Amino acid sequence: MTSTNREIAEHLLACYDTIYIVLGESAPAFTNDAYVVRAYESARAYGELALEMREHLGGAKVSPLPVLDAVLRRAVAGDASGALVLYAMAMVVGPRLLVTLLDARTALTNDSALTELSNHASMDCVKEIRATGEVAKDQAPIEDPEWQSLARALSETFDAAGNAESLGLSR
């Protein structure tokens, strides 16, 4: 594996691990049962992606991606129901992760296994976004201006960190 491919793989692993850790830790405290289940299911999906990538890398250890960790933890703290962190995953993080995965596949050199892992991760990310949308459609809309301000601030945090479109490929 080239050093560039390894850096890309470690970055993707950090993204998956961060999502897995934050969602898994926070889900039990949510007050909305549907959001608890959705957060656990999403955490599990990203945990599986992390495991696959870690195995591909031979057991690599990575640190959480700072801006992603900050955004997700801010979303958890901003809404005890779990709605804000699921919003973040579907509308803020998920699309940026998809662009990151596309960028990764474009940057990879001669590593069909890593390319396949990235393709698989893209499909899983889309499945998680759709599953969150299915859960959210059965919930009452949130018309609280403070909640909406917090939701906008999540994107603004990424924008300020230089991650307006993606989660980047370097930490």
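Details
- Contact map, the stretch 36-47: residues that are buried (at least 24 other Cβ atoms within 10 Å of the Cβ) paired with residues that are at pLDDT 95 or above and of a type in the set (S, T, N, Q), Cβ distance under 8 Å, separation 6+ or inter-chain. Pairs shown: ARG38/THR132; ALA39/SER26; SER42/THR132.
- Leading residue by the ranking (nearest to ARG44 (Cα to Cα)) among those in the stretch 125-171 that are assigned to a loop (DSSP other than H, G, I, E, B) and among the aliphatic types (A, V, I, L, M): LEU167
- Close pairs (9 angstrom Cβ cut-off, 6 or more residues apart or separate chains): touching a residue at least 12 places away in the same chain (Cβ under 8 Å) in the stretch 127-146, assigned to a loop (DSSP other than H, G, I, E, B) and surrounded by 10 or more Cβ atoms within 10 Å (Cβ to Cβ) anywhere: GLN139/ASN32; GLN139/SER81; ILE142/ASP79; ILE142/SER81
- Test: LEU150 is at pLDDT 95 or above, under 16 Å from the mean Cα position of the chain (by Cα) and not acidic (Asp, Glu): no
- Filter result (within 22 Å of SER166 (Cα to Cα), in contact (Cβ under 8 Å) with a residue 60 or more places away in the chain and in contact with a helix residue (DSSP H, G or I) (Cβ under 7 Å, 6 or more places away or on another chain)) within the stretch 64-82: LEU65, VAL67, LEU68, ALA70, VAL71, ARG74, ALA75
- Near pairs, Cβ below 7 angstrom, 6+ apart or cross-chain, from the stretch 6-21 (over 11 Å from ARG54 (Cα atoms)) to any residue that is among the acidic types (Asp, Glu) and modelled with pLDDT of 95 or more: THR18/ASP69
Yes/no per residue for (1) part of a helix (DSSP H, G or I); (2) within 22 Å of ALA131 (Cβ to Cβ); (3) in contact with a Ser or Thr (Cβ under 9 Å, 6 or more places away or on another chain):
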site	(1), (2), (3)
ILE19	yes, yes, yes
LEU49	yes, yes, no
GLU52	yes, yes, no
GLU55	yes, no, no
PRO64	no, no, yes
ASP69	yes, no, yes
VAL93	yes, yes, no
LEU117	yes, yes, no
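- Subset of the stretch 1-30 [among the hydrophobic types (A, V, I, L, M, F, W, C) and either surrounded by fewer than 19 Cβ atoms within 10 Å (Cβ to Cβ) or in contact with a Lys or Arg (Cβ under 8 Å, 6 or more places away or on another chain) (or both)]: MET1, LEU13, ALA14, ILE21, VAL22, ALA29
- Any hit, the stretch 31-42, residues being within 11 Å of the chain's Cα centre (by Cα) and modelled with pLDDT of 95 or more: yes
- Only one entry of ALA60, ALA104 meets the criterion of being more than 13 Å from the chain's Cα centre (by Cα), part of a helix (DSSP H, G or I) and not aromatic (Phe, Trp, Tyr), and that entry is ALA104.
- Restricting ALA113, ALA121 to residues that are among the aliphatic types (A, V, I, L, M), more than 16 Å from the chain's Cα centre (by Cα) and in a helix (DSSP H, G or I) narrows the list to ALA113.
- Of all residues making up the stretch 1-24, the number that are modelled with pLDDT of 95 or more and either under 14 Å from the mean Cα position of the chain (by Cα) or aliphatic (A, V, I, L, M) (or both): 16
The values are calculated or read from the model by the stated rules, or taken from the named source; none is laboratory data. Predicted model only: the values in this text are computed from it and were never measured. Note: ideal-geometry Cβ built from the backbone for every residue, glycine included; neighbour counts use all protein chains shown.
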